[in-house]
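Data first, discussion second: the structure below is written as structure tokens.
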Amino acid sequence: MSTLFGMLTAFLLVIGAILLGGSANAFINLQGILIVVIGTFAVTAISFRLNEMMALPRNIWVLLRHSQREPSEEAIKIMKIAVEARKHHDVLMLERLIPRLKDTPFLAQAIQLVVDGSQPDEIEQMMRREASTASARHMRSVDFLRRAGDVAPAMGLIGTLIGLVRMLGNLEDPSSLGPAMAVALLTTFYGAVMAHLIFIPLAAKTEHCTEEEALVNNLYAMGATSIRRNENPRRLEMLLNTILPPAQRITYYK
């Protein structure tokens, strides 16, 4: 919600400033839009493979939508599972728990490895590799957004240069100066809007979500390994707190 609220507020402020200053038609230029929008995606696509480009929108959407889990809340969830597992010593209890973890597939996969009887070291290694792969995939989305944020102002500058060249080449025709100057200024405007209202903020938010998801996945891996070793949950609580930020550390046992 903060992403949607921030972007909508920023665009409404820009649109409001345009409307209060006069006609909005003065800020619409098809040539400038084509240069900046299509040019930005075309130049950015050079740095990525086609299959990566096709998967990026979905990856970004899934990450922004689902990476809203508080690490402290997930740590408490792991503690509850560990306490129940140690109390009952029942693998079937963990197996029955897996269908209820559909919203956290990484945790469900870790618990499934415990149920299957995998060794603790094997669980930890597999989960950490899985977490590393997921983080690398999401960082490609961050790289795309950052690259687009760099390219958009550059395409705006290219459009500005095109407009200035056209204007200087037709100084004898006063009627052509206005449209040429409009292209020159509006392409810079479009590039700045795309970079600073869309791509750069989304890159920062996606990177933050990636880091948060990596932290939560580490909590899951640590919890599953501890459950498999049948360790005291008090020790697990201390281990979880070693990787949680100070403000989010948990106190399960009063």
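The values are calculated or read from the model by the stated rules, or taken from the named source; none is laboratory data. Quick caveat, the model's predicted, so the values are computed rather than measured. Positions of Cβ are generated from backbone atoms using ideal geometry, with glycine treated the same way; all protein chains shown enter the neighbour counts. The accessibility values were calculated without ligands, DNA or RNA, using every heavy atom of the protein model including side chains. Shrake-Rupley method; radii C 1.70, N 1.55, O 1.52, S 1.80 Å.
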Starting from region 210-237, keep only residues that are free of Cβ contacts under 8 Å to residues at least 60 places away in the same chain, then list their pairs with residues that are not in a helix (DSSP H, G or I) whose Cβ atoms are within a distance under 9 Å, requiring at least 6 positions of separation or different chains. ARG234/TYR252; ARG234/TYR253
Can you name the condition, by its number, that ARG86 falls short on among (1) open to solvent by less than 30 Å² (accessible area, probe 1.4 Å); (2) touching an Asp or Glu at 6+ places or on another chain (Cβ under 9 Å); (3) touching a residue at least 40 places away in the same chain (Cβ under 8 Å)? (1)
Lone unmet requirement of (1) part of a helix (DSSP H, G or I); (2) among the polar types (S, T, N, Q); (3) over 21 Å from the mean Cα position of the chain (by Cα); (4) farther than 24 Å from ASN241 by Cα for SER118: (1)
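Have a look at SER23, SER2 and point out the one that is over 23 Å from the mean Cα position of the chain (by Cα) and either under 29 Å from HIS138 (Cα atoms) or open to solvent by less than 90 Å² (accessible area, probe 1.4 Å) (or both). Even if it seems obvious, please write down each step before you answer.
On the way: SER2 fails: over 23 Å from the mean Cα position of the chain (by Cα).
It is SER23.
Can you say whether ILE60 is farther than 30 Å from PRO179 by Cβ, out of contact with any Pro (no Cβ under 8 Å at 6 or more places or on another chain), open to solvent by less than 100 Å² (accessible area, probe 1.4 Å) and modelled with pLDDT under 85, as far as the supplied structure shows?
Details: farther than 30 Å from PRO179 by Cβ: yes; out of contact with any Pro (no Cβ under 8 Å at 6 or more places or on another chain): yes; open to solvent by less than 100 Å² (accessible area, probe 1.4 Å): yes; modelled with pLDDT under 85: yes.
So ILE60 passes the test.
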Return only the number of the condition from (1) crowded, with 20+ Cβ neighbours inside 10 Å; (2) under 20 Å from SER135 (Cβ atoms); (3) modelled with pLDDT under 90; (4) not basic (Lys, Arg) that ILE78 does not satisfy. (3)
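Give me the helices (runs of 4 or more DSSP H) completely within region 147-244, filtered to those with at least 2 residues that are open to solvent by 10 Å² or more (accessible area, probe 1.4 Å) and of a type in the set (Gly, Ala, Ser), ordered by residue number.
Details: elements: 174-194, 200-228, 233-243.
In region 147-244, the matching helices (runs of 4 or more DSSP H) lie at 174-194, 200-228.
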